[in-house]
Structure formats: structure tokens, C-alpha cells
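Working notes, beginning with the structure itself.
The values are calculated or read from the model by the stated rules, or taken from the named source; none is laboratory data. What you are looking at is a predicted structure, and each value in this text was computed from that prediction instead of being measured. All Cβ positions, glycine included, derive from the backbone under ideal geometry; neighbour counts span all protein chains shown. Ligands, DNA and RNA are excluded from the accessible area calculation, which covers all protein heavy atoms including side chains. Shrake-Rupley method; radii C 1.70, N 1.55, O 1.52, S 1.80 Å.
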Amino acid sequence: MKNTFKNKRIGVLCGGESSERAISLRSGEAIYNGLRQNGLDVVMLDTNNNPRQCLTHARIDFAFIALHGKGGEDGHIQRILNRMHIPYTGSDERGAYNSFNKVKTKIILKHHGIPVPRYAVISARTWRQKSARFSFPMILKPIADG
């Protein structure tokens, strides 16, 4: 690994603005420490206010994405990194977008013959009617969040 990233500046992108900001900062710090301990040139970047500006000023050669939730796992930061021609860890923009949206993911999986658990999209207006079709235990999650 050291040879691949020799003379490269790695930016650990963390923080952000999502509801998962606190865990992202912790993840980012652990990744930063691990890379530093391996003798790599690394900087920790909190992308909270303006990710593009943060990346422009940091002048990194590679991004290690430790952002959680919206802005990090939904294709947004990947789109910015692609436009800035900065390689990064993880899925590309489209893969991140599709996998972040739970309904899109289920549709794609079903299309390819991969079984998915029974589910329903529930809104504030329809939750009583649709949730009655299920029994406990059940999992209720937002379509596009953690």
C-alpha cells in the first residue's frame, strides 16, 4: 500500500452535514490515524460547509470517503470528486445513489432475481393502512437515510 500512495496526499473526508455526522467524524479519525501510522501523507477534511471548496484548498491526490448518510453515501461527494478528477474509495456516483435509496436497491435486486424481504413504502398518510399488513418485529427506515 505504501508504494501505491508514495508521494500522494490522501484526504480522509468526514463529518459532513448528515444526521450521521458524529459517527463520520469518529470513523474519519480512526482512518486518518491508521493511514498516518503507516507513514502516509494524509489530511483529515471535514466537508461540513462546502465540500468542493474544502477539496480545492486541500489539494489531495486521493480521497478516502468516511462520510456517512446524505452527502457521503448518496452519490453527492462522488459526483464532486469525479468532476474534480480525484480518485476515491467506494462505489461510483451511480452505484452510491442507487444503493442509498432503499426502494431503488430493492427494484434493482428483484430485477436481477435476487430475493428481497417483503416491504412497503409508507408515508404519513398511509402508514396505518400499510403497516397493518406486517407483524412485529418489523423494521421501519427512511427511504434515503441511515
Checklist entry - Within segment 27-35, can one find any residue that is open to solvent by 50 Å² or more (accessible area, probe 1.4 Å) and aromatic (F, W, Y)? => result yes
Checklist outcome for this item: Considering only helices (runs of 4 or more DSSP H) wholly within segment 69-114, the ones with at least 2 residues that are of a type outside the set (S, T, Y) and closer than 19 Å to Q53 by Cα are 76-83
Checklist entry - Does segment 48-61 contain at least one residue that is small (G, A, S) and either closer than 24 Å to I143 by Cα or not in a helix (DSSP H, G or I) (or both)? => result no
Item to check | Where a residue in segment 48-60 is free of Cβ contacts under 8 Å to residues at least 40 places away in the same chain and farther than 20 Å from F5 by Cα and its partner, wherever it lies, is open to solvent by 100 Å² or more (accessible area, probe 1.4 Å) and assigned to a loop (DSSP other than H, G, I, E, B), with Cβ under 7 Å and at least six apart | outcome: N48/E17
Checklist outcome for this item: If we keep only residues of segment 5-26 that are within 13 Å of T89 (Cβ to Cβ) and out of contact with any Pro (no Cβ under 9 Å at 6 or more places or on another chain), then the residue most open to solvent (accessible area, probe 1.4 Å) is F5
Item to check | Subset of segment 116-133 [basic (K, R), assigned to a loop (DSSP other than H, G, I, E, B) and out of contact with any Phe, Trp or Tyr (no Cβ under 9 Å at 6 or more places or on another chain)] | outcome: R125, R133
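One line per residue, one yes/no per condition, for (1) aliphatic (A, V, I, L, M); (2) touching a strand residue (DSSP E or B) at 6+ places or on another chain (Cβ under 6 Å); (3) open to solvent by 70 Å² or more (accessible area, probe 1.4 Å):
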| residue | (1), (2), (3) |
| --- | --- |
| V43 | yes, yes, no |
| T47 | no, yes, no |
| A63 | yes, yes, no |
| I80 | yes, no, no |
| G95 | no, no, no |
| K102 | no, no, no |
| V121 | yes, no, no |
| Q129 | no, no, yes |
| L140 | yes, no, yes |
